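Here the structure comes first, spelled out in structure tokens, and everything after it is commentary.
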Amino acid sequence: MVGSQALATALRTLTKEAIRRHVAADAYGDIRRLFDEHGHLRPITSLSAEDAALIAGWEVIIKNAAAGDGHTLRVPAKRFEKRLPLM
């Protein structure tokens with residue numbers, strides 16, 4: 001299985017220091033870094049790997065702007081959650 005081989009390779013490359021960094025980034029990550037000064041989400045391509053890891057889920061909802069007008073709105077829905085409790 002390709003997936004299990006990739007997982008085995010990833011596990012072999014993990015070090016205690018890398019695990020500590022990931023746990024600290026998750027536990028102490030600040031989602032305020034994901035937004036600009038106007039409260040808008042920064043473009044996903046501009047986020048660092050650490051900041052992007054704070055996003056637990058993402059979907060785009062397409063809905064009608066007004067019934068029968070033929071226009072739709074794209075509304076990004078994000079889910080942020082701490083995966084680990086603060087230490």
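The values are calculated or read from the model by the stated rules, or taken from the named source; none is laboratory data. Since the structure is predicted, the reported quantities are computational estimates derived from the model, not experimental observations. Glycine also receives a Cβ, built like all others from the backbone with ideal geometry; neighbour counts cover every protein chain displayed.
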Just to be sure, is GLY39 at pLDDT 85 or above, in a loop (DSSP other than H, G, I, E, B) and more than 22 Å from ILE19 (Cβ to Cβ)? yes
Yes or no: the range 6-29 includes at least one residue that is assigned to a loop (DSSP other than H, G, I, E, B) and either more than 19 Å from the chain's Cα centre (by Cα) or at pLDDT below 80 (or both). yes
